[in-house]
1. Round to the nearest 10 and give me the degree value, 0 to 90, for the angle of helix D:87-100's Cα axis relative to the longest principal axis of chain D.
2. Extending each Cα 7 Å along its Cβ direction at A:D407 and A:D62, get the distance between those two points in nm, one decimal.
3. So what is the accessible area of the protein assembly as shown per residue, in Å², with the probe set to 1.4 Å?
4. Quick one: how many Å² of D:L288 are accessible to a 1.4 Å probe, rounded to 10?
5. ³J(HN,Hα) across region D:54-68 via Karplus (A = 6.51, B = -1.76, C = 1.60, θ = phi - 60°), whole Hz, x for Gly/Pro?
6. Measure of size requested: the Rg and Dmax of region B:24-85, with Cα atoms as the atom set and Å as the unit; please supply both.
7. Length gain on complete extension for the stretch A:D195 to A:R213, per 0.36 nm per residue less the alpha carbon to alpha carbon distance?
8. Go through region D:203-295 and name the GluC sites (Glu not before Pro) that are in a DSSP coil and have 15 or fewer other Cβ atoms within 10 Å of their Cβ.
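The values are calculated or read from the model by the stated rules, or taken from the named source; none is laboratory data. Just so it is clear, the model here is predicted, and its values are computed rather than measured. Glycine gets a Cβ as well: all are built from the backbone with ideal geometry, and neighbour counts include every protein chain shown. Surface areas here come from the heavy atoms of the whole protein model, side chains and all, with no ligands, DNA or RNA. Shrake-Rupley method; radii C 1.70, N 1.55, O 1.52, S 1.80 Å.
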Amino acid sequence: MNQLPTTTGKVIVCDGNEAAAWGACLSRPDMVAVYPITPQSSLVEYLAEFIADGRMDADLMDVEGEHTVLSVLHGAVLAGARTYSATSAQGLAFMFEPYFRTPGLRLPMVVSLVTRDAVSPTCVWGGQQDAMTVKEVGWIHMYCETQQEILDTIPIAYKVAEHPDVMLPVNVNHDGNYLSYGVARVELPPQSVVDAFLGEKQVNWHACLDPERPMAVDPLTGGAGGIGPSMFVKYRKGICAGMQDALRVIEEAHEDWGKRTGRYWSPLIEEYRMEDAEVALVTIGSMTGAAKDAVDTAREAGRKIGLVKIKTFRPFPAARIAQALSKVKAIGVVDRSVNFGWNCGPVFQEVLAAMYAQPVRIPMMSFIGGLAGADITVEHFATVVERTFRLAGGETAAGPVWLNEND
Amino acid sequence: MSLRNVPDNMCPIATEYTTMLTGDWRALRPVVDRERCVKCATCWLYCPVQCVVEKAAWFDFNYDFCKGCGICAEECPHRAIKMVEEAEG
Amino acid sequence: MHEVRLHGRGGQGAVLASAILAAALVEEGRHVMAIPAFGFERRGAPVVAFLRLSDTVIRRVTNIYSPDIVVVIDPTVARAVDVFAGMPKGGTLIQATGKAPGDVDVPDLVGRVATCDAVRIAMDIFKRQITNTIMLGAFAKATGLVSVEALERALEETHFRDAGLKQNVEAVRRGYAETTVLDLGKEKAA
Amino acid sequence: CPTGALEFRKAGSIFNEYGAKEDLFVPGLSGCQGCNSELIMRHAMRKIGRNSVLATPPGCIPGMGSVGYNGKTGTKVPVFHPLLTNTASMLSGIRRYYDRIGRKDIVVMALAGDGGTADCGFHAVSGAAERGEKVLYVCVDNEGYMNTGMQRSGTTPYGSWTSTTPVGEHMKGKTQDAKNLPLIMTAHKCRYVATASTGYMEDLYEKLDRAIEASFEGFSYLHIYSPCPTGWRIPSNKVIDACRMSVDSNFNPLWEYTNTTGLRFTHSPDNAYPITEYVKMIGKYRHLSPDQLAHIQAKVDEQVALLKLMAAESSPPPAAHRAPAGASTP
C-alpha cells in the first residue's frame, strides 16, 4: 500500500466535497471512476489529486461520461473490486441505465450524490430533485447534514452495502452548494480505525466474472408461463428483503462507528427536542441546522416544538417516523424538491404514508424551499414554525407553501 | 464464501447449462455418403451449430442438435452430403 | 457569533481567503462555517464569500445577510456593490485602500474602519494585484479574532508551497503590520 | 480456387489444430438455421479458450441463449449481458481490476453486435479505445437490429430493406450509407484493428490470434461481417457463399491495421466481382434500381480506393469495378 494517511484524528478544515473524498480515501476503494459535473467536480478533482499524490491507492478511471463511470465500476465489482464514484443531476440522469441495474445485481457500491436541481429550467445549483427522482430504483439513500457527517457516512455506507444481509448499493447524498462548497471543521478518523471498522471487503461473493468460478451473470429471466416470472418475483422480493434488513444494519453500523470514533450519528432519523413537542418539523439534509436554530428560538418563546431529521430515506424508516411523530398535533414537512404528481414535496408524501396507520389523523403541511440553490434561512423556518402552529390550532392545511417564492 | 452460501433470492446468476434439442427444428437432414467423404473437415468448419462428429473414416452429424441449415451439403467440395427430407410422423 | 462577508473580484481569491481564514480560526479553537456565494465566478466580476465563526458549534448552513464584519479585498469593488448591505450598527469595515481610515466614506452604522494599502503591498510581494492573504493580516489586526501565527499555519495547510508559501506568509505579516484601525466611537457603535 | 482443393486443405489444418478443443457454448443454442453469428461465436471461443471473461450485449448472441434463460446458462466461460450501451465500459472495469491484482493472462472480451458497437454503445467503445483499455472487442456485424425484427442500424448499407427502412412508394430501403466502424477504430490508435469474414476462415483464425495477443497490450478491435439469413433473406445454406462473395466483390474488404505496420489487405481487392454479383444473392437488395446499384458500386470503389491509399497502394481500382457509364448517384 502507498503512503496512506497515518494521521490520528487529525482536524482539517474543508468543504463537503473534500470531506467526501476523504471518506472515500479512508474506505480504500480499489477503483474510482470519475467524470466532472457541477457541483460535484471538485470532489473528483480531490480524488484524482489523492491518487496522484499517492495518498490513495486506487485505480483512477477517468472516463467519457457518467454512463461509463457506473459501467466500469459494475465490471470492477464483478471482478472483485471495492469501488467509489460521485455524481449529480444531469450526470445521474445519464448514469440512469446502469444505475437501475446496480441493485438487481446486488452490487455493493458507494456513490456520492451531490444533490442539485435538474433541468429544465437550466440550473446548476443545489436542490434534491435529482436524488428524489431516483428513489424507487433500489439504492439505499442517506442524506447528510454536515461536512463531518458526509465523511463519516461514507465508510458506514460501505459497511452497510457489503453486509451479507444487505448487498445493495448506497448513495451518500450531500446538498450541492451549501455542503459541497461550505467549509467547516472536520476530523479525519485514523486509517487504522476505518480499516478495523470495515474489515475485509465482501463485494462479489454472490456474483462474479472470474474464469476460476465460471458463471453466467444476469441470464434472461421471465416471460409468461414456466418458472421465469416466479424467479423474477423471487429476485425482486430479495431486494425488498435486503432493503428491510438494511434498517437494522444501518443502525448497527452507525453504532459501531460511534464506538470507534466517538461520533454517534442518528442512523435512520434524528429526534430533536421532541420530548413534549406539540408541533414537529420534518427536515432532510443541510437545511436541518437552520431548522434546529429556529426550533430553539421557538422553544425560548415557550412554544413546544421539536424536529425530526431524516437521515435514511431509502429504506424509508416508516415505523420510526410514525413513532416519533405520533403524539404531536401538527407536522410541517420541508422539502428541497418537488413531487409533481402530488403537488407537494416527496418527503411530505412519504411521511404522510408513514402516518397512515396512526389512530388519530394528524394535520400535515408541505413546505418546499431551497430549490435552485436558494437559501432556507432561520427566518424561513420561523414561517414554517408559525404556519405549523396555526395548523395545530385548527387552521385548514393549505399547501404546498413555496418558501422562496417571495424572496 | 462459496456459491452454496449464496441465498437463492440474491441475484440472477447461473452455473447449470441449458439443454435445447434443436434437432427437432429440422425439415431436411444431412446424410453423408461415406464413400465420397474424405474427411476434409469443410463441413465441420462451417457448421454453425458445430454438430459435426468425426468417425473413423468419415464425418457424421449429431442429429440431436443439427438444425438442417444445409450449409454442410452446400460447402462440401466432394458433394458427399445430401439433404434429405425428414420422415413424417 | 460573528458573521463575516468578504467582497472581491473573480481571480483575487476571496473564496480561498475565506477558506484560509476558516482554517486559521479552527486552529484557534473556534467553530466555523464558510460558504461562497454560488455563481459563475469570472475573472474581474464581483465575488462574495461568507464566513460564520463561533465558540460553539454552528448549525445553520446558510448565507449571511447581516455581517458584523465586512472585508473588501479590492479597492474599487465597492463602487459596483453595496458592501454595507445588511450590516448592523457598530459593524466593522476592513477595506483595501491607500486611504487613511478616517478618509473612507462610510455610513453612520459603521463602528470601526480598518484600511490597508493592499494593492501596493501586493505589487511589492507578488508583482500582481493579489490582495487576499494581505487582507487576512488586516482582518487579524482589525478584529483580534485570529492571530498571525494561526493564519501562517493555515497557509501551510493549503496549496501554497515553497516560494508561494513564503510570499503569502510575508503578505499576511505585512497586511497585519500595515493596517490602520480607527474606532469611530461609542456614539456610532451604539 | 475453383476446385476447392485449397479450401479443403485449410479446413483440414484448422480441424487438426482446433477440432479437439472444446466448444465453449452448449449444443443447442437457438440461433436461426444457418446463423453465421453462431458459427463465429463457437469458433472464436474455441480459439480463445476458458481463461476468458465474455460479454455478449443484447442482440442475437445472448438472444440465442449464450447467457442463458431462467437460471441456466449457455456458455462455459464467465459470461454476462452488459447493457446494449456499456459493453466496452464494463470490460474496462473488469480488465483494470484483474491487471491490478496481477491476473494479466485473462482474455477480457466482447462478442457484440453492430447496434451496441456502432450506435448506442459507441461512446463506450470509443472511450475504452481512447484510454487504451486492454480488451478484445469483437463486433459481429449483421448490418442491423436483427434480433428485434430487422431494424436499421448505423452499419446497415445503403439501399437495404429493413423493417424501419422499408421499400414503398416513397422510400426504397435505407437512404444513407453505412458508417465504416473498423476505419473509425483505426483513428483511435487501437493496438489492432481488422476486418474478417467466415468466408475466409483461416484468415479469421489468424486474425483472432493477433487480436488476442494485442488485447494484452491495448484495445484490440475485430470486425466480423456476418450475413443474417433471416433478416437479409438469404437461403440458410447459402450463407457462406454470401460471405465469400461479400469479400470477393470488395463489399467487405479484408484488412488489418496496427500502429506500426499501418493498413494491410489480407485478401487482394483486385479483380473483384461487380457488386451486382453480391447483391443478387441477398433478398434485402432485391428491389434495387440501377441508380441505387450504381451508388453502391461507387461507394464500394471509393472505400477500396481509400483503403488502398492507407495501404500505400494507391493505384485506381480496375475498370471492371467501375460503375456502369452514365450511372448517377441518387
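1. Computed tilt is about 40 degrees.
2. 3.4 nm
3. 38 Å²
4. The accessible area comes out at roughly 20 Å².
5. 10, 9, 10, x, x, x, 5, 5, x, x, 7, x, 5, 7, x
6. 10.3, 28
7. 3.7 nm is the gain from fully extending A:D195 to A:R213.
8. Sites meeting the loop and neighbour criteria: D:E217.
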